[in-house]
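The values are calculated or read from the model by the stated rules, or taken from the named source; none is laboratory data. Everything numeric here is computed off the predicted structure, so don't read it as measured data. Positions of Cβ are backbone-derived with ideal geometry, glycine not excepted, and every protein chain shown enters the neighbour counts. Surface areas here come from the heavy atoms of the whole protein model, side chains and all, with no ligands, DNA or RNA. Shrake-Rupley method; radii C 1.70, N 1.55, O 1.52, S 1.80 Å.
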Amino acid sequence: MSSRFVFLLVLVVIYASHSDAYPLSTQNRWIIDEATGQRAKLVCANWAGHLQLMIPEGLDQRPLKDIVGELVKHSFNCVRLTYAIYMWTRYGNENVSATFASLDVPEVVEGIAKNNPYVLSMTHVQTFDAVVHELGVQNVKVLLDNHVSEPMWCCNDDDENGFFHDRHFNPQEWVVAMSLRNELHGPRQNLKDWYRYMSQGAVAIHKTNPNVLVLILGLNYDTELQFLRRKPLNIDLGKKMVFETHLYSWSGIGTLKLREIWTKQPLNRICANNVKAIDYRAGFLTTGKNATPLIFTEFGFNEAGSLVEDNRFLTCLQTYLLGKDLDWGLWAFQGTYYLKKDQVQVDESFGVMDETWHNLRYLNFTYKFRLLQRKNLEPNSNAPIVNILYHPLSGQCAQVNDKNEVELGSCETKNRWVRGEDTTKIVLHGSKKCLTTVGEGLPVVVSDCERNNNSWKSVSLSKLHLATLNQHEEQLCL
(Lines give C-alpha, C1' and ligand atoms only; values in the text may rest on other atoms or scores of the structure.)
Protein backbone atom coordinates (compact mmCIF):
# COMPACT_ATOMS: atom_id res chain seq x y z
CA MET A 1 0.00 0.00 0.00
CA SER A 2 1.38 3.40 -0.93
CA SER A 3 2.08 6.09 1.65
CA ARG A 4 -0.38 8.34 -0.17
CA PHE A 5 -3.13 5.77 0.39
CA VAL A 6 -2.42 5.58 4.13
CA PHE A 7 -2.31 9.35 4.48
CA LEU A 8 -5.75 9.74 2.96
CA LEU A 9 -7.21 7.15 5.27
CA VAL A 10 -5.83 9.10 8.24
CA LEU A 11 -7.74 12.13 7.01
CA VAL A 12 -10.93 10.08 7.18
CA VAL A 13 -10.17 9.27 10.81
CA ILE A 14 -9.93 12.96 11.60
CA TYR A 15 -13.23 13.68 9.87
CA ALA A 16 -15.09 10.84 11.56
CA SER A 17 -13.99 11.97 15.02
CA HIS A 18 -16.21 15.08 14.91
CA SER A 19 -19.43 13.10 15.39
CA ASP A 20 -20.72 12.81 18.93
CA ALA A 21 -22.57 9.59 18.04
CA TYR A 22 -19.28 7.93 17.17
CA PRO A 23 -18.36 5.12 17.07
CA LEU A 24 -21.11 3.08 15.52
CA SER A 25 -21.16 -0.69 15.11
CA THR A 26 -23.48 -3.39 13.79
CA GLN A 27 -25.78 -5.82 15.54
CA ASN A 28 -27.24 -8.25 13.02
CA ARG A 29 -29.09 -6.06 10.49
CA TRP A 30 -28.97 -2.93 12.66
CA ILE A 31 -26.52 -0.07 13.16
CA ILE A 32 -25.96 0.56 16.86
CA ASP A 33 -24.62 3.54 18.82
CA GLU A 34 -21.94 1.97 21.01
CA ALA A 35 -22.33 4.68 23.64
CA THR A 36 -25.99 3.89 24.34
CA GLY A 37 -26.47 0.38 22.94
CA GLN A 38 -29.50 1.67 21.06
CA ARG A 39 -30.14 1.68 17.36
CA ALA A 40 -28.79 4.64 15.39
CA LYS A 41 -30.95 5.02 12.29
CA LEU A 42 -29.12 6.93 9.55
CA VAL A 43 -31.35 9.35 7.67
CA CYS A 44 -29.00 10.86 5.12
CA ALA A 45 -29.05 13.49 2.42
CA ASN A 46 -26.55 13.22 -0.42
CA TRP A 47 -24.49 16.42 -0.65
CA ALA A 48 -22.35 16.51 -3.77
CA GLY A 49 -18.72 17.62 -3.69
CA HIS A 50 -17.29 15.49 -6.48
CA LEU A 51 -17.81 17.67 -9.55
CA GLN A 52 -15.20 19.79 -11.35
CA LEU A 53 -14.84 22.46 -8.67
CA MET A 54 -14.22 19.77 -6.01
CA ILE A 55 -15.93 21.41 -3.05
CA PRO A 56 -19.42 20.78 -1.62
CA GLU A 57 -22.13 22.55 -3.58
CA GLY A 58 -24.01 25.64 -2.44
CA LEU A 59 -21.27 27.69 -0.78
CA ASP A 60 -21.98 30.40 -3.37
CA GLN A 61 -25.61 30.59 -2.26
CA ARG A 62 -25.64 30.76 1.56
CA PRO A 63 -23.25 30.73 4.54
CA LEU A 64 -22.09 27.22 5.44
CA LYS A 65 -23.65 27.37 8.89
CA ASP A 66 -27.05 28.16 7.37
CA ILE A 67 -26.79 25.39 4.77
CA VAL A 68 -26.09 22.79 7.46
CA GLY A 69 -28.93 24.32 9.46
CA GLU A 70 -31.30 23.42 6.63
CA LEU A 71 -30.31 19.76 6.97
CA VAL A 72 -31.09 19.86 10.67
CA LYS A 73 -34.31 21.79 10.12
CA HIS A 74 -35.57 19.12 7.73
CA SER A 75 -34.69 16.25 10.10
CA PHE A 76 -31.64 14.75 8.40
CA ASN A 77 -29.14 13.34 10.89
CA CYS A 78 -26.55 12.27 8.31
CA VAL A 79 -24.87 13.48 5.14
CA ARG A 80 -23.39 11.28 2.44
CA LEU A 81 -20.70 13.70 1.36
CA THR A 82 -19.33 12.86 -2.08
CA TYR A 83 -15.78 13.52 -3.29
CA ALA A 84 -13.47 12.80 -6.24
CA ILE A 85 -10.25 10.85 -5.74
CA TYR A 86 -8.18 13.30 -7.76
CA MET A 87 -9.11 16.05 -5.31
CA TRP A 88 -6.90 14.25 -2.79
CA THR A 89 -4.21 12.73 -4.98
CA ARG A 90 -3.70 15.46 -7.59
CA TYR A 91 -5.30 18.69 -6.39
CA GLY A 92 -5.16 18.33 -2.60
CA ASN A 93 -2.86 21.32 -2.13
CA GLU A 94 -4.39 23.45 -4.87
CA ASN A 95 -6.13 26.62 -3.79
CA VAL A 96 -9.87 26.75 -4.44
CA SER A 97 -9.63 30.17 -6.10
CA ALA A 98 -7.01 28.84 -8.55
CA THR A 99 -9.33 26.02 -9.62
CA PHE A 100 -12.20 28.45 -10.07
CA ALA A 101 -10.03 30.79 -12.15
CA SER A 102 -8.97 27.96 -14.45
CA LEU A 103 -12.61 27.08 -15.12
CA ASP A 104 -13.77 30.69 -15.62
CA VAL A 105 -16.80 30.79 -13.31
CA PRO A 106 -16.93 34.42 -12.06
CA GLU A 107 -20.56 34.09 -10.92
CA VAL A 108 -19.62 31.30 -8.55
CA VAL A 109 -16.59 33.17 -7.22
CA GLU A 110 -18.74 36.22 -6.58
CA GLY A 111 -21.28 34.15 -4.65
CA ILE A 112 -18.64 32.45 -2.47
CA ALA A 113 -16.94 35.80 -1.80
CA LYS A 114 -20.28 37.07 -0.49
CA ASN A 115 -21.38 34.04 1.56
CA ASN A 116 -18.21 32.14 2.54
CA PRO A 117 -15.22 34.35 1.63
CA TYR A 118 -12.69 32.34 3.67
CA VAL A 119 -13.14 29.39 1.28
CA LEU A 120 -11.35 31.24 -1.53
CA SER A 121 -8.09 31.18 0.41
CA MET A 122 -8.40 27.49 1.33
CA THR A 123 -7.31 24.33 -0.42
CA HIS A 124 -9.96 21.84 -1.49
CA VAL A 125 -9.09 19.54 1.41
CA GLN A 126 -9.33 22.40 3.90
CA THR A 127 -12.75 23.30 2.53
CA PHE A 128 -13.96 19.73 2.99
CA ASP A 129 -12.59 19.80 6.52
CA ALA A 130 -14.49 23.02 7.26
CA VAL A 131 -17.73 21.51 5.93
CA VAL A 132 -17.34 18.30 7.92
CA HIS A 133 -16.48 20.29 11.04
CA GLU A 134 -19.67 22.35 10.74
CA LEU A 135 -21.71 19.20 10.20
CA GLY A 136 -20.22 17.80 13.41
CA VAL A 137 -20.95 21.02 15.30
CA GLN A 138 -24.61 20.70 14.36
CA ASN A 139 -24.65 16.96 15.20
CA VAL A 140 -24.96 15.68 11.65
CA LYS A 141 -23.09 12.44 11.00
CA VAL A 142 -20.87 12.21 7.94
CA LEU A 143 -20.63 9.31 5.53
CA LEU A 144 -17.75 10.11 3.16
CA ASP A 145 -18.46 8.70 -0.28
CA ASN A 146 -15.76 7.92 -2.84
CA HIS A 147 -17.98 8.95 -5.75
CA VAL A 148 -15.62 9.15 -8.74
CA SER A 149 -11.91 9.40 -9.52
CA GLU A 150 -11.86 12.21 -12.08
CA PRO A 151 -14.12 15.05 -10.85
CA MET A 152 -17.16 14.88 -13.10
CA TRP A 153 -20.86 14.08 -13.20
CA CYS A 154 -21.58 10.40 -12.57
CA CYS A 155 -22.27 8.10 -14.37
CA ASN A 156 -22.18 6.59 -17.85
CA ASP A 157 -20.95 3.19 -18.97
CA ASP A 158 -18.36 4.81 -21.25
CA ASP A 159 -17.01 7.44 -18.80
CA GLU A 160 -13.87 5.36 -18.06
CA ASN A 161 -14.47 6.13 -14.40
CA GLY A 162 -16.51 3.12 -13.39
CA PHE A 163 -14.43 0.05 -12.52
CA PHE A 164 -10.95 -1.00 -11.47
CA HIS A 165 -8.35 -0.43 -14.22
CA ASP A 166 -10.52 1.98 -16.16
CA ARG A 167 -8.61 5.01 -17.45
CA HIS A 168 -9.65 7.05 -14.42
CA PHE A 169 -9.82 4.23 -11.87
CA ASN A 170 -6.34 3.06 -10.97
CA PRO A 171 -6.50 0.73 -7.93
CA GLN A 172 -3.15 2.18 -6.76
CA GLU A 173 -4.75 5.62 -6.67
CA TRP A 174 -7.97 4.49 -5.06
CA VAL A 175 -8.91 6.59 -2.06
CA VAL A 176 -11.32 4.77 0.19
CA ALA A 177 -13.34 6.22 2.99
CA MET A 178 -16.37 4.90 4.78
CA SER A 179 -18.14 4.24 1.48
CA LEU A 180 -15.75 2.38 -0.79
CA ARG A 181 -16.95 3.57 -4.19
CA ASN A 182 -20.06 4.91 -5.85
CA GLU A 183 -21.91 2.91 -8.54
CA LEU A 184 -19.42 0.55 -10.12
CA HIS A 185 -20.33 0.26 -13.79
CA GLY A 186 -19.05 -0.28 -17.32
CA PRO A 187 -17.79 -3.15 -19.46
CA ARG A 188 -14.83 -4.04 -17.23
CA GLN A 189 -17.02 -5.26 -14.37
CA ASN A 190 -16.15 -8.74 -13.13
CA LEU A 191 -16.48 -10.61 -9.86
CA LYS A 192 -12.80 -11.56 -9.53
CA ASP A 193 -11.70 -7.93 -9.32
CA TRP A 194 -14.71 -7.01 -7.20
CA TYR A 195 -13.82 -9.52 -4.47
CA ARG A 196 -10.14 -8.63 -4.68
CA TYR A 197 -10.34 -4.86 -4.43
CA MET A 198 -13.40 -4.60 -2.19
CA SER A 199 -11.66 -6.89 0.29
CA GLN A 200 -8.41 -4.91 0.12
CA GLY A 201 -10.14 -1.55 0.50
CA ALA A 202 -12.40 -2.62 3.36
CA VAL A 203 -9.57 -4.22 5.32
CA ALA A 204 -7.35 -1.16 4.75
CA ILE A 205 -9.97 1.13 6.28
CA HIS A 206 -10.58 -1.18 9.21
CA LYS A 207 -6.89 -1.50 10.02
CA THR A 208 -6.37 2.26 9.81
CA ASN A 209 -9.37 3.06 11.97
CA PRO A 210 -11.27 0.12 13.48
CA ASN A 211 -13.94 2.48 14.83
CA VAL A 212 -15.58 3.47 11.52
CA LEU A 213 -18.25 1.60 9.62
CA VAL A 214 -17.20 0.33 6.20
CA LEU A 215 -19.83 0.50 3.44
CA ILE A 216 -19.53 -2.03 0.62
CA LEU A 217 -21.38 -1.73 -2.67
CA GLY A 218 -22.25 -4.03 -5.53
CA LEU A 219 -22.17 -4.02 -9.33
CA ASN A 220 -24.23 -2.38 -12.09
CA TYR A 221 -24.70 1.04 -10.53
CA ASP A 222 -24.91 -0.49 -7.07
CA THR A 223 -28.10 -2.42 -7.78
CA GLU A 224 -26.71 -5.97 -7.64
CA LEU A 225 -25.28 -7.87 -4.68
CA GLN A 226 -26.96 -11.21 -5.33
CA PHE A 227 -23.65 -12.92 -6.09
CA LEU A 228 -23.01 -12.82 -2.32
CA ARG A 229 -25.65 -15.52 -1.97
CA ARG A 230 -23.20 -17.98 -3.48
CA LYS A 231 -19.94 -16.55 -2.20
CA PRO A 232 -20.05 -14.22 0.84
CA LEU A 233 -17.36 -11.60 1.34
CA ASN A 234 -15.31 -13.42 3.96
CA ILE A 235 -13.28 -10.66 5.60
CA ASP A 236 -13.03 -9.74 9.26
CA LEU A 237 -14.18 -6.19 9.94
CA GLY A 238 -15.46 -6.89 13.43
CA LYS A 239 -18.90 -5.35 13.76
CA LYS A 240 -18.25 -2.70 11.14
CA MET A 241 -19.43 -4.18 7.82
CA VAL A 242 -22.41 -2.52 6.13
CA PHE A 243 -23.73 -2.96 2.59
CA GLU A 244 -25.30 -0.28 0.43
CA THR A 245 -27.57 -0.26 -2.60
CA HIS A 246 -29.20 2.27 -4.95
CA LEU A 247 -32.52 2.42 -6.77
CA TYR A 248 -34.28 4.90 -9.06
CA SER A 249 -37.40 4.71 -11.18
CA TRP A 250 -35.24 3.92 -14.23
CA SER A 251 -33.13 1.24 -12.52
CA GLY A 252 -35.44 -1.48 -13.82
CA ILE A 253 -35.91 -5.16 -13.10
CA GLY A 254 -33.36 -7.54 -14.56
CA THR A 255 -32.54 -6.31 -18.07
CA LEU A 256 -35.64 -4.12 -18.26
CA LYS A 257 -34.67 -0.52 -17.58
CA LEU A 258 -37.63 1.60 -18.53
CA ARG A 259 -38.91 4.41 -16.35
CA GLU A 260 -42.15 4.31 -18.35
CA ILE A 261 -42.99 0.87 -16.97
CA TRP A 262 -44.36 2.60 -13.87
CA THR A 263 -47.29 3.91 -15.92
CA LYS A 264 -47.63 1.03 -18.40
CA GLN A 265 -48.41 -1.67 -15.82
CA PRO A 266 -50.76 -1.75 -12.81
CA LEU A 267 -48.97 -0.23 -9.85
CA ASN A 268 -49.57 -3.18 -7.54
CA ARG A 269 -48.03 -5.53 -10.08
CA ILE A 270 -44.93 -3.52 -10.91
CA CYS A 271 -44.39 -2.67 -7.24
CA ALA A 272 -44.65 -6.31 -6.21
CA ASN A 273 -42.15 -7.27 -8.93
CA ASN A 274 -39.77 -4.53 -7.82
CA VAL A 275 -39.95 -5.59 -4.20
CA LYS A 276 -39.12 -9.17 -5.19
CA ALA A 277 -36.19 -7.90 -7.25
CA ILE A 278 -34.89 -5.71 -4.41
CA ASP A 279 -35.03 -8.62 -1.98
CA TYR A 280 -33.28 -10.92 -4.45
CA ARG A 281 -30.54 -8.46 -5.32
CA ALA A 282 -29.84 -6.89 -1.93
CA GLY A 283 -32.61 -7.21 0.68
CA PHE A 284 -31.64 -10.80 1.48
CA LEU A 285 -28.55 -9.42 3.27
CA THR A 286 -30.75 -8.23 6.14
CA THR A 287 -32.16 -11.70 6.86
CA GLY A 288 -30.92 -14.98 8.26
CA LYS A 289 -28.28 -15.87 10.84
CA ASN A 290 -25.61 -13.76 9.09
CA ALA A 291 -27.78 -10.66 8.63
CA THR A 292 -25.96 -7.38 8.07
CA PRO A 293 -27.16 -3.77 7.77
CA LEU A 294 -28.19 -2.52 4.34
CA ILE A 295 -28.45 1.19 3.58
CA PHE A 296 -30.26 2.59 0.54
CA THR A 297 -27.60 5.27 0.14
CA GLU A 298 -29.20 6.60 -3.04
CA PHE A 299 -32.75 6.91 -4.24
CA GLY A 300 -34.56 9.98 -5.45
CA PHE A 301 -37.30 11.52 -7.51
CA ASN A 302 -38.04 14.67 -9.47
CA GLU A 303 -39.06 16.97 -6.62
CA ALA A 304 -41.01 19.24 -8.90
CA GLY A 305 -43.58 16.48 -8.50
CA SER A 306 -44.55 16.50 -12.16
CA LEU A 307 -43.33 13.02 -13.20
CA VAL A 308 -45.99 10.38 -12.63
CA GLU A 309 -43.41 7.61 -13.05
CA ASP A 310 -41.22 8.99 -10.27
CA ASN A 311 -44.18 9.51 -7.97
CA ARG A 312 -45.36 5.93 -8.41
CA PHE A 313 -41.84 4.58 -7.95
CA LEU A 314 -41.40 6.57 -4.75
CA THR A 315 -44.73 5.34 -3.40
CA CYS A 316 -43.58 1.75 -3.89
CA LEU A 317 -40.10 2.25 -2.47
CA GLN A 318 -41.44 4.05 0.59
CA THR A 319 -43.51 1.01 1.53
CA TYR A 320 -40.39 -1.15 1.25
CA LEU A 321 -38.17 1.16 3.29
CA LEU A 322 -40.80 1.54 5.96
CA GLY A 323 -41.65 -2.14 6.06
CA LYS A 324 -38.06 -2.95 6.99
CA ASP A 325 -37.34 0.42 8.63
CA LEU A 326 -34.10 0.68 6.66
CA ASP A 327 -31.47 3.39 6.88
CA TRP A 328 -31.34 5.53 3.74
CA GLY A 329 -29.86 8.45 1.79
CA LEU A 330 -31.88 10.69 -0.50
CA TRP A 331 -30.40 12.09 -3.70
CA ALA A 332 -30.00 14.97 -3.40
CA PHE A 333 -29.69 17.78 -0.88
CA GLN A 334 -28.23 20.43 -3.19
CA GLY A 335 -30.49 22.79 -5.08
CA THR A 336 -27.89 23.76 -7.68
CA TYR A 337 -24.43 22.90 -8.98
CA TYR A 338 -21.58 25.37 -9.48
CA LEU A 339 -20.67 23.71 -12.77
CA LYS A 340 -22.21 20.64 -14.39
CA LYS A 341 -21.34 19.45 -17.88
CA ASP A 342 -19.87 22.88 -18.72
CA GLN A 343 -23.03 24.69 -17.62
CA VAL A 344 -22.76 27.23 -14.77
CA GLN A 345 -25.15 27.31 -11.78
CA VAL A 346 -27.28 24.40 -12.94
CA ASP A 347 -30.56 23.54 -11.23
CA GLU A 348 -30.98 20.10 -9.56
CA SER A 349 -34.55 18.93 -10.08
CA PHE A 350 -33.99 16.09 -7.57
CA GLY A 351 -32.79 18.53 -4.90
CA VAL A 352 -34.41 18.87 -1.49
CA MET A 353 -33.55 22.57 -1.64
CA ASP A 354 -34.76 24.78 -4.47
CA GLU A 355 -32.52 26.90 -6.69
CA THR A 356 -32.26 29.62 -3.99
CA TRP A 357 -31.20 27.14 -1.26
CA HIS A 358 -33.76 28.81 1.01
CA ASN A 359 -36.90 26.75 0.40
CA LEU A 360 -37.99 23.16 -0.08
CA ARG A 361 -38.39 22.26 -3.74
CA TYR A 362 -41.12 19.71 -2.95
CA LEU A 363 -43.64 21.47 -0.74
CA ASN A 364 -45.03 18.24 0.72
CA PHE A 365 -41.58 16.96 1.67
CA THR A 366 -42.03 17.24 5.44
CA TYR A 367 -45.24 15.17 5.48
CA LYS A 368 -44.05 12.76 2.81
CA PHE A 369 -40.84 11.81 4.62
CA ARG A 370 -41.70 12.29 8.29
CA LEU A 371 -42.39 8.63 8.97
CA LEU A 372 -39.42 7.49 6.87
CA GLN A 373 -37.15 9.69 8.98
CA ARG A 374 -38.43 8.31 12.26
CA LYS A 375 -36.92 5.29 13.99
CA ASN A 376 -39.83 2.87 13.98
CA LEU A 377 -38.11 -0.33 15.12
CA GLU A 378 -35.75 -0.65 18.07
CA PRO A 379 -34.06 -4.09 18.12
CA ASN A 380 -33.35 -4.00 21.84
CA SER A 381 -36.86 -2.98 22.86
CA ASN A 382 -39.14 -5.34 24.79
CA ALA A 383 -42.26 -3.52 23.61
CA PRO A 384 -44.69 -5.57 21.48
CA ILE A 385 -44.67 -4.97 17.74
CA VAL A 386 -47.84 -3.45 16.35
CA ASN A 387 -48.57 -1.98 12.95
CA ILE A 388 -49.76 1.22 11.40
CA LEU A 389 -51.41 1.51 7.98
CA TYR A 390 -49.38 3.93 5.92
CA HIS A 391 -50.49 5.98 2.91
CA PRO A 392 -47.19 6.84 1.17
CA LEU A 393 -48.71 9.16 -1.42
CA SER A 394 -49.54 11.66 1.33
CA GLY A 395 -47.20 10.52 4.09
CA GLN A 396 -50.20 10.07 6.38
CA CYS A 397 -51.66 7.05 8.17
CA ALA A 398 -55.05 5.40 8.55
CA GLN A 399 -57.00 6.34 11.66
CA VAL A 400 -60.54 5.71 12.86
CA ASN A 401 -62.94 8.57 13.57
CA ASP A 402 -65.95 8.66 15.90
CA LYS A 403 -68.18 7.20 13.19
CA ASN A 404 -65.92 4.14 12.80
CA GLU A 405 -64.83 5.43 9.39
CA VAL A 406 -61.25 5.03 8.27
CA GLU A 407 -59.62 8.27 7.19
CA LEU A 408 -56.16 9.74 6.70
CA GLY A 409 -54.43 11.65 9.46
CA SER A 410 -51.24 12.00 11.44
CA CYS A 411 -49.09 8.90 11.89
CA GLU A 412 -48.76 9.94 15.53
CA THR A 413 -52.32 8.71 16.06
CA LYS A 414 -52.79 6.05 18.73
CA ASN A 415 -54.55 3.77 16.23
CA ARG A 416 -52.46 0.61 15.80
CA TRP A 417 -53.29 -2.63 14.01
CA VAL A 418 -52.53 -6.33 14.37
CA ARG A 419 -53.38 -9.42 12.34
CA GLY A 420 -56.24 -11.56 13.60
CA GLU A 421 -55.62 -15.11 14.76
CA ASP A 422 -56.61 -16.53 11.37
CA THR A 423 -54.40 -13.91 9.61
CA THR A 424 -57.24 -12.95 7.26
CA LYS A 425 -58.41 -10.02 9.39
CA ILE A 426 -56.78 -6.73 10.31
CA VAL A 427 -57.78 -5.87 13.88
CA LEU A 428 -57.73 -2.46 15.53
CA HIS A 429 -55.30 -3.00 18.40
CA GLY A 430 -56.98 -3.11 21.81
CA SER A 431 -60.45 -3.68 20.38
CA LYS A 432 -62.60 -6.34 18.73
CA LYS A 433 -63.07 -4.28 15.60
CA CYS A 434 -61.75 -5.21 12.17
CA LEU A 435 -61.21 -3.44 8.89
CA THR A 436 -64.31 -4.03 6.81
CA THR A 437 -65.49 -3.27 3.30
CA VAL A 438 -68.32 -4.46 1.13
CA GLY A 439 -66.22 -4.76 -2.01
CA GLU A 440 -63.16 -3.57 -3.86
CA GLY A 441 -63.09 0.15 -4.52
CA LEU A 442 -65.57 0.93 -1.74
CA PRO A 443 -64.82 2.86 1.46
CA VAL A 444 -63.19 1.04 4.36
CA VAL A 445 -64.70 1.13 7.86
CA VAL A 446 -64.21 -0.79 11.09
CA SER A 447 -66.89 -3.05 12.55
CA ASP A 448 -67.29 -5.93 14.99
CA CYS A 449 -64.99 -8.78 13.96
CA GLU A 450 -67.36 -11.55 15.05
CA ARG A 451 -70.55 -10.26 13.47
CA ASN A 452 -69.16 -9.20 10.11
CA ASN A 453 -67.39 -12.01 8.27
CA ASN A 454 -67.57 -10.25 4.92
CA SER A 455 -64.69 -8.09 5.92
CA TRP A 456 -61.21 -7.58 4.63
CA LYS A 457 -60.90 -10.72 2.49
CA SER A 458 -63.01 -9.14 -0.21
CA VAL A 459 -60.35 -6.46 -0.75
CA SER A 460 -57.72 -9.17 -1.37
CA LEU A 461 -55.44 -9.54 1.59
CA SER A 462 -52.65 -10.58 -0.77
CA LYS A 463 -52.34 -6.93 -1.81
CA LEU A 464 -51.87 -5.70 1.76
CA HIS A 465 -48.31 -5.43 2.97
CA LEU A 466 -48.73 -5.12 6.71
CA ALA A 467 -45.45 -5.63 8.53
CA THR A 468 -44.51 -2.88 10.89
CA LEU A 469 -45.99 -0.10 8.83
CA ASN A 470 -46.91 -0.34 5.19
CA GLN A 471 -49.99 0.29 3.11
CA HIS A 472 -50.17 1.05 -0.56
CA GLU A 473 -52.19 4.12 -1.55
CA GLU A 474 -54.42 2.01 -3.82
CA GLN A 475 -55.11 -0.57 -1.18
CA LEU A 476 -57.17 1.27 1.42
CA CYS A 477 -59.58 3.09 -0.93
CA LEU A 478 -59.10 6.28 1.04
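How high is the FRET efficiency from D347 to E450, r the C-beta distance, R0 41 Å, rounded to 0.05? Calculated value: 0.10.
Rounded to 0.05, the FRET efficiency of the A113 and H133 pair, given R0 = 25 Å and the Cβ-Cβ distance, is 0.75. Applied to the range 341-350, the Karplus parametrisation 6.51 cos²θ - 1.76 cosθ + 1.60 on θ = phi - 60° returns per-residue 3J(HN,Hα) values of 6, 6, 9, 8, 6, 8, 6, 10, 5, 8 Hz, with x for Gly and Pro.
Please give me the summed charge of the neighbours of A40: other residues whose Cβ is under 10 Å from its Cβ, Lys and Arg +1, Asp and Glu -1. With Lys, Arg at +1 and Asp, Glu at -1, the neighbours total +1. Between amide H atoms placed 1.01 Å from N, distances below 5 Å from R361 occur with M353, D354, all of them 5 or more places distant or on a separate chain.
What is the packing order of peptides 369-380, 47-58, taking the mean over residues of other C-beta atoms within 10 Å and listing the highest first?
Listed from highest to lowest mean packing, they are 47-58, 369-380.
Placing dummy labels 7 Å off each Cα toward the beta-carbon, the span from S102 to L363 is 4.5 nm.
Given a Förster radius of 45 Å and the C-beta distance between E421 and L191 as r, what FRET efficiency does 1/(1 + (r/R0)^6) yield to the nearest 0.05? About 0.45, to the nearest 0.05. Taking amide H as placed 1.01 Å from N in the peptide plane, the amide H of R416 sits under 5 Å from that of H429, each at least 5 places away or on another chain. Per residue, the range 24-369 exposes 38 Å² of solvent-accessible protein surface, assessed with a 1.4 angstrom probe and all protein chains in place. Near N115: Cβ cut-off under 14 Å, other residues only, Lys/Arg at +1 and Asp/Glu at -1. The net charge is -4. Taking amide H as placed 1.01 Å from N in the peptide plane, L143 has its amide H under 5 Å from the amide H of V79, R80, L81, each at least 5 places away in sequence or on another chain.
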